[in-house]
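Chemist: One structure, pasted below without further comment.
No lab work stands behind these numbers, since they all come straight from the coordinates. A quick note: this is a predicted structure, and the numbers were derived from the prediction, not measured. With ideal geometry, Cβ positions are generated from the backbone for all residues, glycine too; neighbour counts draw on all protein chains shown.
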Amino acid sequence: MKHLNQSMLLLKPGMLHKYLELASNPEILSLSIGEPDFQTPYHIRQAAIETIEQGKTFYTPAKGLLGLRKEIASFYDRKYGLSYDPNTQIMATIGASEAIELSLRTLLNEGDEVIIIGPAYLSYEPLILMTGAHVVTVDTYEQDAFKLCGKALEAKITDKTRLIVLNYPNNPTGAIMTHEDYADIARVLKDKDIMVISDEIYSELNYTKTHASLAHQPGMKDKVIILNGFSKTYAMTGWRLGYILATQELIELFVKYHQNAILCPPTISQFAGLEALKNGDEDIEMMRDEYDMRRRLALDKLNSLGLTCPNPEGAFYLFMNVKKRTGLGSEAFCEALLKEKKVALIPGNAFGPSGEGYVRFSYCYSLAHIKEALVRIESFIQSI
């Protein structure tokens, strides 16, 4: 076909989808998807049912229901001590995914450079490339617990750098950043005209229970665009509801894109999200405690097998080093494990070159599922 978008033609097929398709076989034991195995809590589902029964199926303002935005503001204030005006500095989106795209579309011009932190969430690079901007990667390493340091970041900044994308707690490594870690990053950025997208979708899945954001650092709040959502925190993946916290000037620009491309997030999901924020703190605690138990069980077992990974203090992933123990690369390990033991994991190089030699293990599955997978992985390791 003629006249196709050249950026789309240049995108490479995602490696992840190959393994997800293989894992759809019911005979396969999959630990590949980052989706909570919990149902959305009952009171949240009930709020959505009541919304439908009451006929509240209308459009909402482009930024989302004011009541929802007020609860988002309250959540960030009481949980993290960050204050945002619900009228001017918050907007609801169709998941954090839309929040990422509209932020990139609004902020970038062709030829700009965007720094991402490797290993990186799969969607960042293709979405950046579709804007005509260029991707620059700062790699992080196992010996540093996959944390970003200021010196490494500073080395990659040029006069074309317009944006940095952070994701902590991190997918795929489970790494977190502390306030002290971010102080080092703030030192590098404080005098530079560079914006930062902080993808904090796993903010409540932090096993230290002390979430840190770059926005906490003096002088950084107006440089940071916080993205978050309901999918991981409240097991609401299919509801497609997220949000952005930013300056009034940026929110006004984001709304221009959003109201033309999307109009507004689903009304029913917004009322469900409002209920989640108001009455969902106990749900968060319950799910986080369960993930923590699964995390410690899987981490201990995998480390005992020589599949080392630094203690993941956030999200629900283990990023295990398979090269050191088996000599196999990421894809070779995953393909052999899938073929011989019918266990599906995601190769680390799907998250960029710095993930080569690693494999992502998702522990958001049931305990029985995880235990059986660990038995099969141990058998596989013993066989080689």
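Chemist: What's the magnitude of the charge dipole for the chain around its Cα centre, counting Lys and Arg as +1 and Asp and Glu as -1 at the beta-carbon? Answer in Debye, nearest 20. Intermediate values should be presented prior to the final figure.
Modeler: On the way: 40 positive and 47 negative charges, 91 e Å.
Computed about the Cα centre, the dipole is about 440 debye.
Chemist: Go ahead and run the numbers for FRET between K56 and N87, Cβ-Cβ distance against an R0 of 30 Å, rounding to 0.05.
Modeler: Working: r = 21 Å, r/R0 = 0.71.
So, using R0 = 30 Å, E works out to roughly 0.90.
Chemist: Still on this structure: Quick one: grab the alpha carbon gyration tensor of the stretch 240-384, order the square roots of its eigenvalues as a ≥ b ≥ c, and give me rounded if a/c is under 1.5, else prolate or oblate depending on whether a/b is larger than b/c.
Modeler: Verdict is prolate for the stretch 240-384.
Chemist: Same structure again: For the chain, with a Gaussian network of springs between Cα atoms less than 10 Å apart, report the residue from L299, L274, L328 with the top mean-square fluctuation.
Modeler: L328
Chemist: Follow-up question, since we're still on this one. Under a 10 Å cutoff between Cα atoms, tell me which one of A99, A272, A62 has the largest fluctuation in the Gaussian network model of the chain.
Modeler: Of A99, A272, A62, the Gaussian network model singles out A62 as fluctuating most.
Chemist: As a test of the formula, what do you get for the chain when each DSSP H run with n ≥ 4 contributes -39,500 (n - 2.57) and the sum is divided by the residue count, at 222 nm and rounded to the nearest 500 deg cm²/dmol? Intermediate results must be reported in sequence, preceding the final value.
Modeler: Values: 14 runs with 162 residues, N = 384.
Result for the chain, helices only: -13000 deg cm²/dmol.
Chemist: Loop-only trypsin sites (Lys or Arg not before Pro) in the stretch 188-262, please: DSSP not H, G, I, E or B, and at most 15 other Cβ atoms within 10 Å. Spell out each step's value before the answer.
Modeler: Values: sites: K190, K192, K209, K221, K223, K232, R240, K256; in loops: K190, K192, K209, K232, R240.
Qualifying residues, ordered by number: K190, K192, K209.
Chemist: Which of the residue pairs K151/K221; K70/K232; K301/K341; K63/K192 have a Cα-Cα distance greater than 23 Å in the structure shown?
Modeler: Details: K151/K221 21 Å; K70/K232 20 Å; K301/K341 17 Å; K63/K192 29 Å.
Correct reply: K63/K192.
Chemist: Which one, (i) 76, 61, 38; (ii) 68, 44, 41; (iii) 60, 54, 53, gives Cα extents along the principal axes in Å as derived from the coordinates shown?
Modeler: (iii)
Chemist: Can you list the chymotrypsin sites (Phe, Trp or Tyr not before Pro) in the stretch 152-251 that are in a DSSP coil and have 11 or fewer other beta carbons within 10 angstrom? Display every interim value, and only then the final one.
Modeler: Working: sites: Y182, Y202, Y207, F230, Y234, W239, Y243; in loops: Y202, Y207, F230, Y234.
In loop regions of the stretch 152-251 (DSSP not H, G, I, E or B), there are no sparsely surrounded chymotrypsin sites (Phe, Trp or Tyr not before Pro).
Chemist: How big is the convex hull of the Cα atoms of the stretch 58-279, per residue, in Å³?
Modeler: Values: hull volume 25.3 nm³, N = 222.
Dividing the Cα hull volume of the stretch 58-279 by its residue count gives 114 Å³.
Chemist: A further question on this structure: Report, ordered by chain and residue number, the aspartates and glutamates lying within cross-link reach of K12, taken as a straight Cα distance under 12 Å and ignoring same-chain residues fewer than 8 apart.
Modeler: Partners within reach: E125.
Chemist: Moving to a separate point now. When Rg is the radius of gyration of the Cα atoms in the stretch 67-154 and Rh is its Kirkwood radius, what does Rg/Rh come to? Provide the component values of the computation, followed by the final result.
Modeler: On the way: Rg = 16.2 Å, Rh = 15.4 Å.
Rg divided by Rh gives 1.05.
Chemist: Between Q382 and A152, what's the calculated FRET efficiency when r is the beta-carbon distance and R0 is 41 Å? Round to 0.05.
Modeler: Values: r = 38 Å, r/R0 = 0.92.
Efficiency computed from Cβ-Cβ geometry: 0.60.
Chemist: Here's something else I'd like to know. State the Kirkwood hydrodynamic radius of the stretch 231-304 in Å, one decimal place, computed from all pairs of distinct Cα atoms.
Modeler: Details: mean 1/r = 0.0659 Å⁻¹.
That comes to 15.2 Å for the stretch 231-304.
Chemist: Convert each backbone phi in the stretch 150-162 into a coupling constant with the Karplus relation 6.51 cos²θ - 1.76 cosθ + 1.60 (shift: θ = phi - 60°), then list the ³J(HN,Hα) values in order as whole Hz, x for Gly and Pro.
Modeler: Working through the residues one at a time gives x, 4, 5, 5, 4, 5, 9, 7, 10, 6, 9, 5, 10 Hz.
Chemist: What Kirkwood radius, in Å to one decimal, follows from the Cα pairs of the stretch 330-384?
Modeler: On the way: mean 1/r = 0.0862 Å⁻¹.
One over the average 1/r among Cα pairs gives 11.6 Å for the stretch 330-384.
Chemist: Moving on. Return the single residue from T173, T233, T40 with maximal mean-square fluctuation; model: Gaussian network over the chain, springs between Cα atoms under 10 Å.
Modeler: Result: T40 has the largest fluctuation of those listed.
Chemist: Given a Förster distance of 45 angstrom, what is the FRET efficiency for T106 paired with I28, based on the Cβ-Cβ distance and rounded to 0.05?
Modeler: Efficiency computed from Cβ-Cβ geometry: 0.65.
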